[in-house]
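Let me begin by presenting the structure, written as structure tokens, before commenting on it.
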Amino acid sequence: MPGRAEAVTVARRLAREQLHRWGVEDEVGDSATLVLSELVTNALLHTGSRRIGCELRCSADRLRLAVTDQGAEPGRLRVQRSAADEQGRGLLLVTAVSSSWGAYDARPGPGLVVWAELLREEPAAGTAAGPSAPGTRAAAGRPEAGGPAGRRTAG
């Protein structure tokens, strides 16, 4: 889609329509739409891409969302915000809501693919998640952790 501000609204609408076709609604659908909105917003704010690509995949146990940008133009500084700025919380939200997320270089050419996965159902309370289990988090530049941050279970 074109790299303009309205891309966030368009991506959100198209995602909701596809999630509905897959029968993914309620909290998981809302979370997926929020994560996609944050990823598209980051691509627009931090790269100035003329085009943004969005991909949604659905399996029996998880959703995978990916946003591809064209990278920053040579010589163009990426936007950086201070800690006190109202913005800059998008990836914190992605971290809190996703079971895992990360980024890799888009090939061929410049750009980045930022992806996030969401579990379609919460794991049963009391189950341990090892490094390769579905509840792990692997974000760019961070080691894997034992389970999803920001989620609490009764117990």
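Net charge of the neighbourhood of ALA11, taken over other residues with C-beta under 13 Å away and scored Lys/Arg +1, Asp/Glu -1, is 0. Computed from backbone phi, the HN-Hα couplings of the stretch 54-62 come to 10, 9, 10, 10, 10, 10, 4, 10, 7 Hz, rounded to whole numbers (Karplus: 6.51 cos²θ - 1.76 cosθ + 1.60, θ = phi - 60°; Gly and Pro given as x). Note on GLU17 and LEU45: with the Förster distance fixed at 30 Å, the Cβ-Cβ geometry gives a FRET efficiency of about 0.75.
Backbone geometry of the stretch 103-111 corresponds, through the Karplus equation with coefficients 6.51, -1.76 and 1.60 at θ = phi - 60°, to 3J(HN,Hα) couplings of 8, 8, 5, 6, 10, x, x, x, x Hz, x marking Gly and Pro. Peptide packing: for 96-104, 32-40, the average count of neighbouring Cβ atoms within 10 Å per residue gives the ranking 32-40, 96-104, highest mean first. Using θ = phi - 60° in the Karplus curve 6.51 cos²θ - 1.76 cosθ + 1.60, the 3J(HN,Hα) couplings for the stretch 14-24 round to 5, 5, 4, 4, 5, 4, 4, 4, 7, x, 9 Hz; x is entered for Gly and Pro. Multiplying the residue separation of GLU6 and ARG57 by 0.36 nm and subtracting their alpha-carbon distance yields 16.1 nm. Round to a whole number: what % of the accessible area of the stretch 4-71 belongs to carbon and sulfur, probe 1.4 Å? Result for the stretch 4-71: 49 percent of the exposed heavy-atom area is carbon or sulfur.
The values are calculated or read from the model by the stated rules, or taken from the named source; none is laboratory data. The structure presented is a predicted model; accordingly, all values stated were derived computationally and were not measured. Every residue, glycine as well, gets a Cβ built from its backbone with ideal geometry; the counts of neighbours run over all protein chains shown. Just so you know, the surface numbers come from the protein's heavy atoms only, side chains and all, with ligands and any DNA or RNA stripped out. Shrake-Rupley method; radii C 1.70, N 1.55, O 1.52, S 1.80 Å.
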